[in-house]
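Where a number appears in this text, it was derived from the coordinates with a stated rule and is not lab data. Model, not experiment: these values are computed from the prediction. Heads up, the Cβs are rebuilt from the backbone with ideal geometry, glycines too, and the neighbour counts pull from every protein chain shown.
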Amino acid sequence: MAVKQKPPILTLTPEQESEANHKIKRFMEDRFELNLGSFEAAEILDLFTREIAPHYYNRAIFDVQTHLKERFESIESDLWALEKH
């Protein structure tokens, strides 16, 4: 029975994917003296895309929500200041 994988929450352009694979290969060689092939680097990228990227994505959404909430509160305060009494 095949394990159904989660769909990735983001996709990269072919150029971005190629660059990411190259960076993974270079990192593994520089840091661990491991020479990965393109298939292995693509598997690592796929793991990060499906399992780790969602955490960063969700954090970014939370940060934007916090920023927008603060901005809207500031706008609301500015509007109250314009109110005529």
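Just a few scattered comments:
- In summary, the aspartates and glutamates within cross-link reach of Lys6, defined as a Cα separation below 16 angstrom excluding same-chain residues under 8 places away, comprise Glu43, Asp46, Glu51.
- Between Arg26 and Leu68, the contour length at 0.36 nm per residue exceeds the alpha carbon distance by 11.3 nm.
- Estimated distance in nm for a label pair at Ile9 and Ser77, the labels positioned 7 Å out from Cα along Cα-to-Cβ: 3.1 nm
- Three-way shape label, region 1-49, alpha-carbon gyration tensor, a/c 1.5: oblate
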